[in-house]
Amino acid sequence: MTSIMAVKRSAQIDLSLTSKFHCCTRTVRKAFILDDHSKDDPNKIDRRKWIEDRILFLTTVFAIDVCAYAVMSNHYHVILDVHKSVSDIWTPLEVVTRWHKIYKGTELSKSYVKGKNLTEIESDLVLEFAENCRKKLHDISWFMRNINEPLARIANKEDDCKGRFWESRFKSQALLDEQALLTCMAYVDLNPIRANMSKTIQKSEFTSIKKRYEKAKQAKNINNVNTQPKELSKLTGNYSRTKKNDIPIKVSSYIELVEWTGKQLRDNKSSINKNTPSVLLEFNIDPNEFLYSAQNYGSQFHRMVGSIKSICNAMKHCDINKTAGMKKAKSLFG
């Protein structure tokens, strides 16, 4: 057996283990180079806004949903939900059409999309191209590459410099169960409040919680899935697990949870009050431990997050003998 530290990226993103992953990328030397440069020069882009728009745009290309995101001044977080089964049933034409949204493609693929007549050999080549693209369209590494590489080129050109823009490859973390997903989503959405960049979720710029809140505010029925942001995974409150792309918590409950947690962080409270959201008990999450994790999550877990049972099953599946966060998982998730 090996330790989790020795596991290569392809093994870390194991879709037979989970479809949901927390990814994070930091700028080189953690410098604040994602701040808005367009304020001083209208010819430059607002980099945080660019990343937010890019994340949401890529959900229209990839078979990957976004559960949560937060774009900060020197890093960004995104929680992704991969749907390989969805990309598997796309027609070759849909695959190639989606691929052309982010890449130019080949002369043959362009002709194929336009409906031009192709020879048998050309058709075979296009189908081979489509199958290669299909694999990439449910690949987290390709999703992240399509955020990081374009922005690095744009930013270096704007700053008239060369070299690395991002500190290293993105870090990924497997979210093994619903408890892990909820805890990580709240942690990600609370980034601006935790960093004292905003005091409320309503003012937490470039976060999924702000987008969810604004959409909910406009809706007559806050929990109606049809009135939720189309770019984000739906919060349904469905505990039957019949829809793997939905998250089993209602919008109203999630907003309440993040608002409550943010208030505790702002008031520097280390213990819960009588208004603790009931959803924590429903998910069997210790409220005090949850509050601590909302502040310290980043240092508590490593490659995988979940209940003790989920982590043990994952370790057995991956043939590893240890991983960080076991003690925390026991106290947080029972």
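Can you find a residue that is part of a loop (DSSP other than H, G, I, E, B) and in contact with a Phe, Trp or Tyr (Cβ under 6 Å, 6 or more places away or on another chain) anywhere in region 174-186? Among the residues of region 174-186, not one is part of a loop (DSSP other than H, G, I, E, B) and in contact with a Phe, Trp or Tyr (Cβ under 6 Å, 6 or more places away or on another chain), which makes the answer no. When 44, 39 are screened for being part of a loop (DSSP other than H, G, I, E, B) and crowded, with 16+ Cβ neighbours inside 10 Å, only 44 passes. Please work out which one of (1) more than 28 Å from residue 14 (Cα to Cα); (2) modelled with pLDDT under 90; (3) surrounded by 17 or more Cβ atoms within 10 Å (Cβ to Cβ) is the condition residue 236 fails and give its number. Of (1) more than 28 Å from residue 14 (Cα to Cα); (2) modelled with pLDDT under 90; (3) surrounded by 17 or more Cβ atoms within 10 Å (Cβ to Cβ), only one is false for residue 236: (1).
For every residue, the table says whether it meets (1) in a helix (DSSP H, G or I); (2) among the aliphatic types (A, V, I, L, M).
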{"residue": "78", "(1), (2)": "no, yes"}
{"residue": "90", "(1), (2)": "no, no"}
{"residue": "105", "(1), (2)": "no, no"}
{"residue": "116", "(1), (2)": "no, no"}
{"residue": "126", "(1), (2)": "yes, yes"}
{"residue": "130", "(1), (2)": "yes, yes"}
{"residue": "133", "(1), (2)": "yes, no"}
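Considered as a group, the residues in region 52-76 that are acidic (Asp, Glu) and farther than 22 Å from residue 86 by Cα include one that is surrounded by the fewest Cβ atoms within 10 Å (Cβ to Cβ), and that residue is 53. What about residue 30, is it on the phi > 0 side of the Ramachandran plot, surrounded by fewer than 13 Cβ atoms within 10 Å (Cβ to Cβ) and either assigned by TED's automatic domain parsing to the domain that holds residue 172 or free of Cβ contacts under 8 Å to residues at least 12 places away in the same chain (or both)? Considered against the rule, which asks whether it is on the phi > 0 side of the Ramachandran plot, surrounded by fewer than 13 Cβ atoms within 10 Å (Cβ to Cβ) and either assigned by TED's automatic domain parsing to the domain that holds residue 172 or free of Cβ contacts under 8 Å to residues at least 12 places away in the same chain (or both), residue 30 comes out as yes.
Close Cβ contacts (under 6 Å, 6 or more residues apart or on different chains) running from residues in region 125-146 that are surrounded by fewer than 20 Cβ atoms within 10 Å (Cβ to Cβ) to residues that are basic (Lys, Arg) comprise 142/136. Condition (residue is at pLDDT 95 or above, under 18 Å from the mean Cα position of the chain (by Cα), part of a helix (DSSP H, G or I) and within 30 Å of residue 328 (Cβ to Cβ)) applied to region 147-167: is it met by at least one residue? So far as region 147-167 goes, yes, one or more of its residues are at pLDDT 95 or above, under 18 Å from the mean Cα position of the chain (by Cα), part of a helix (DSSP H, G or I) and within 30 Å of residue 328 (Cβ to Cβ).
The values are calculated or read from the model by the stated rules, or taken from the named source; none is laboratory data. Small disclaimer: the values here were computed from a predicted structure and weren't measured. Methodologically, a virtual Cβ is constructed for each residue, glycine included, from the backbone with ideal geometry; neighbour enumeration extends over all protein chains shown.
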